[in-house]
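Report on one structure; see the data block that follows.
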Amino acid sequence: MAFFSFSLSDNSFSFLSKQFETNQIYFSKNITLWKELNNKKKKIQLNFIKHEIRTKNNFIGKKLLICLPPKFGLGDAIEYSIAIKSLIKSQKFLKIGIAFCSDYYFVFSKIFDFSNVYPLAISSKEIDKYDTVFHLTLEIKAFKFQKYKRSNIALEICKHFNINFHNFRLPIKAYKKKLIKTLSVFPVSTSLIRSLPIAVIDTIKKNFDQKYKIEIFIDNDDYGNHLEKLYKKSTVIIKKPKDIKNLIKEISQIDFGIFIDSGPLHVAKLFDKPGILVETSVSNSILLSNTSKIKVVKNTYKSKYCNGPCGLVDIFSYNKIVGCYETNKLNFHSLKNLKNLKQLQRRNKKEDNSHFTSNPVGCIKKINIEKIIQSINLVLKEH
């Protein structure tokens, strides 16, 4: 876990437009900032830079600083935010701050309208305004295995603080049934075991492009770029929002979404958008617990080592084999007893992504395309 402190001896250094005061101690979890500060070629004037040890709290005070992990996705950012909204509504705390949300500052500060947000780093001067520094992934036991057995992030936080969960919706105009003209497909996740296979996209296109416009939302990762090349000369409209702000704006305007477990699903729920979820490795009971507008196509895959959905967030490396529970002939109960979970994440992501694009894991390979088409038709009739 990246957590470090540093202090600068001159003010010539800036990072992502952030200026730092000289001789002030800062704390951060931003891995790119750590690398930049340690870049010997740039001769940055440092008083010091060092790793810090996160410590658990013996008691929880009234002024809470929530420290987020160094890497998380858009969906996680929304789940953290919903939980923090619930914390604020509970009135248990006089002050709540949020540290280390770098990539998702827009979500925390603009969408959820939080104050006291420290995206990149926080100074010791600011930390002193809080009596409790709370590292989410250290304090909440269930988060230790989130990569391997996903649970409901927002509910886990509410449970830990013994508060009621409050769902969150963005203010929208009163919903009126309207003619659906466009189907928006969101096939890309941060992992290929939670992404929509090309065969499914092709079948959606084949079945619906005579009656509806089909648009596919992608980002700048390997799978997204592959889809862009594949469909750029077709009737499919490729949407590639330049940033989080534009992605959220685009999702707010869709008619109907076809989702997998990824950030856009969580954004769509904020706007109460209709659609379907193609369940992959994470259960719809977690992903759709706070919406009734999005229906599910269930993953019913079974093998000796797993039952779909297995809860796995991404593939992992075990005994030099990369894959899922079935690929590695390992179940979750055996995995959680391994001494070094960090070793499971040591792999060549680019090579692995290329391999699993054309050689998907069992539950993705056996995905029920016919059932997906039936479900889309059924939900479209309702709207």
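A compact table of results
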| quantity | calculated |
| --- | --- |
| Matching residues in the stretch 232-241 - criterion: being closer than 26 Å to LEU380 by Cβ and modelled with pLDDT under 95 | SER234, THR235 |
| Spans of helices (runs of 4 or more DSSP H) in the stretch 272-383 with at least 2 residues touching a residue at least 60 places away in the same chain (Cβ under 8 Å) | 332-335, 349-358, 362-365, 369-382 |
| The stretch 79-111: number of residues that are over 30 Å from THR22 (Cβ atoms), among the aromatic types (Phe, Trp, Tyr) and buried (at least 21 other Cβ atoms within 10 Å of the Cβ) | 1 |
| Condition met for ASP113 (out of contact with any Ser or Thr (no Cβ under 8 Å at 6 or more places or on another chain), assigned by TED's automatic domain parsing to the domain that holds GLU21 and without any contact (Cβ under 8 Å) to a residue 40 or more places away in the chain) | yes |
| Inter-residue pairs, beta-carbon under 6 Å, first in contact (Cβ under 8 Å) with a residue 60 or more places away in the chain and within 17 Å of LEU196 (Cβ to Cβ) and in the stretch 236-257, second assigned to a helix (DSSP H, G or I) and of a type in the set (D, E, K, R), 6+ apart | none |
| Failed condition for GLU156, given (1) modelled with pLDDT of 95 or more; (2) more than 16 Å from the chain's Cα centre (by Cα); (3) surrounded by fewer than 20 Cβ atoms within 10 Å (Cβ to Cβ); (4) not hydroxyl-bearing (Ser, Thr, Tyr) | (2) |
| Qualifying residues in the stretch 119-153 (those that are part of a helix (DSSP H, G or I) and among the aromatic types (Phe, Trp, Tyr)) - the one surrounded by the fewest Cβ atoms within 10 Å (Cβ to Cβ) | PHE145 |
| Checklist (1) touching a Gly at 6+ places or on another chain (Cβ under 7 Å); (2) more than 30 Å from LYS85 (Cβ to Cβ); (3) among the small types (Gly, Ala, Ser) applied to SER184, failing item | (2) |
| Failed condition for SER7, given (1) assigned to a helix (DSSP H, G or I); (2) surrounded by 14 or more Cβ atoms within 10 Å (Cβ to Cβ) | (1) |
| Exclusive hit being among the polar types (S, T, N, Q), within 30 Å of LYS178 (Cβ to Cβ) and crowded, with 17+ Cβ neighbours inside 10 Å, set ASN328, ASN284 | ASN284 |
| Qualifying residue in the stretch 246-262 (condition: of a type outside the set (A, V, I, L, M), closer than 15 Å to SER189 by Cα, in contact with a Pro (Cβ under 8 Å, 6 or more places away or on another chain) and in a strand (DSSP E or B)) | yes |
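The values are calculated or read from the model by the stated rules, or taken from the named source; none is laboratory data. Note that the structure is a prediction, hence the values are computed from the model and not measured. Cβ coordinates were reconstructed from backbone atoms using ideal geometry, including for glycine residues, and neighbour counts include every protein chain displayed.
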